[in-house]
Amino acid sequence: MRILSATIERAHYARDFGQVEATVALLVKDSARPVPYVRRIFTTEPARGGAPLRERLIDSAKTLFLARYEPQVDRAA
């Protein structure tokens, strides 16, 4: 599974929490499908931080996507 591109579709500043909420569209190429597809992930990040906000939002969405959809390896065996 590869993430080909990522685009922030919507972003909103949640003033009460000091965070930015965003919907990130990931273009994914899966070995089980012949055509890439779009998966939308909702994520939040603090409004202030070290790295640029756009990079942090995209990295957060990628991490959430891979944690949810990446096949899990059975480590008990």
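The values are calculated or read from the model by the stated rules, or taken from the named source; none is laboratory data. The shown structure was predicted, so the numbers you read here are calculated from the model rather than taken from an experiment. Counting neighbours? That spans all protein chains shown, and the Cβs are built from the backbone with ideal geometry, glycine included. What goes into the accessible areas is simple: the full protein's heavy atoms, side chains included, and nothing from ligands, DNA or RNA. Shrake-Rupley method; radii C 1.70, N 1.55, O 1.52, S 1.80 Å.
So in the stretch 40-53, with the set limited to residues that are surrounded by fewer than 16 Cβ atoms within 10 Å (Cβ to Cβ) and touching a residue at least 24 places away in the same chain (Cβ under 8 Å), which one is farthest from Tyr69 (Cα to Cα)?
If we take residues in the stretch 40-53 being surrounded by fewer than 16 Cβ atoms within 10 Å (Cβ to Cβ) and touching a residue at least 24 places away in the same chain (Cβ under 8 Å), then Arg48 is farthest from Tyr69 (Cα to Cα).
Counting only residues that are of a type in the set (A, V, I, L, M, F, W, C) and closer than 13 Å to Glu45 by Cβ, which one in the stretch 1-29 is most open to solvent (accessible area, probe 1.4 Å)?
Step by step, filter the stretch 1-29, then rank; the result is Phe17.
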